[in-house]
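What follows is calculated from the coordinates using simple rules that are stated; it is not laboratory data. Model, not experiment: these values are computed from the prediction. Glycine also receives a Cβ, built like all others from the backbone with ideal geometry; neighbour counts cover every protein chain displayed.
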Amino acid sequence: MHEVERAVRRQGADVVEVLIPEAQLRQRVEEIGREIARDYQGKPLVLVGVLKGALVFLADLMRAIDLPLTLDFVGLSSYVGTRTTGRIELTADLTRPIEGKHVILVEDIVDTGLTMSWLLERFRERGPASVAVCALLVKPSRARVEVPVRYRGFEIADEFVVGYGLDRDGRLRNLPWVGVVKE
Ligand code: IMP
């Protein structure tokens, strides 16, 4: 588990406290990248980023994987404000078939798990050689369905987090670390 850095920053009207500083993110992402490179050597690997939250994590992660790979994205709408709605829709689909490929779904955070379990089901129908989940963050106390998260960056408490790609109402994605908004 990570150490908590008690730094606070203001972005516009929001006061955000650092939960996972940049150096820890960098170090953990590099470890995951090395693990993936070991596990997928010689396999046709496709990283699929879930837009938009996984963007920053994916950009760093892919450069930490020293293997040939391809990249694709899916867009999902399921989250309004700070709570899940339970309704999930694909707003952007893959650009290439994944049949016979080894797929890693890259997500910013697995909260209740509903989004990822829905997505895994859709992906398995498409005949990939394998599908694994890689999530930067997991909130174990919020889990409503079990999701096999093979690669996980950090487990965090039940707090709403922002930064490093994660947003609150579309903002705060560009903070270089993961933080918690102080009300
Ligand atoms: P789940 O279906 O409840 O697992 O929610 C997954 C999605 O909800 C994630 O991909 C995020 O987009 C969003 N989400 C869940 N928790 C947070 C959070 O703490 N901060 C920002 N987004 C979150």
Using θ = phi - 60° and Karplus 6.51 cos²θ - 1.76 cosθ + 1.60, couplings along region 103-116 (whole Hz; Gly, Pro as x): 10, 10, 7, 9, 10, 6, 8, 9, 9, 6, x, 4, 4, 5
Under a no-solvent Debye model with one identical scatterer per Cα of region 89-183, what's log10 I(q)/I(0) at q = 0.10, 0.14, 0.16 Å⁻¹? -0.30, -0.58, -0.74
Name the residues whose placed amide hydrogens come within less than 5 Å of the amide hydrogen of F73, ignoring near sequence neighbours (fewer than 5 apart) on the same chain. G49, T95
Under 5 Å, built H, 5+ apart or other chain: amide partners of W177: Y164
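With both bridge residues required to lie in the chain, what share of the DSSP beta bridges run antiparallel, to the nearest 5%? Don't jump to the answer; show the numbers that get you there.
Numbers: 18 of 43 bridges.
In the chain, approximately 40 percent of DSSP beta bridges are antiparallel ones.
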Straight-line reach only, C-alpha to C-alpha below 23 angstrom: list the lysines that K139 could link to, leaving out same-chain residues fewer than 8 apart. K52, K182
A correct Karplus calculation of ³J(HN,Hα) over region 118-124, with 6.51 cos²θ - 1.76 cosθ + 1.60, θ = phi - 60°, whole Hz and x for Gly and Pro, returns 5, 5, 4, 4, 4, 6, 5
Residues with amide H under 5 Å of V131's amide H, sequence separation 5 or more or different chain, H placed in the peptide plane at 1.01 Å from N; which? V103
Short version: ³J(HN,Hα) in whole Hz for each residue of region 161-174, in order, from phi by Karplus 6.51 cos²θ - 1.76 cosθ + 1.60 (θ = phi - 60°), x for Gly and Pro, what are they? 10, 9, x, 6, x, 7, 10, 10, 6, x, 10, 6, 5, 8
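Divide by every residue of the chain the summed helix terms, -39500 (n - 2.57) for each DSSP H run of at least 4, and state the resulting mean residue ellipticity at 222 nm, rounded to the nearest 500 deg cm²/dmol. Mind dumping the intermediate values first?
Details: 3 runs with 38 residues, N = 183.
The helix contribution divided over the chain gives -6500 deg cm²/dmol.
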Would you mind putting 103-116, 34-47 in packing order, based on average other-beta-carbon counts within 10 Å, highest first? 103-116, 34-47
Debye intensity ratio in log₁₀ form over the Cα atoms of the chain, taken at each q of 0.11, 0.13, 0.14, 0.16 Å⁻¹: -0.46, -0.64, -0.75, -0.98
If you take the square roots of the eigenvalues of the alpha-carbon gyration tensor of region 6-81 and sort them as a ≥ b ≥ c, do you get rounded (a/c under 1.5), prolate (a/b over b/c) or oblate? oblate
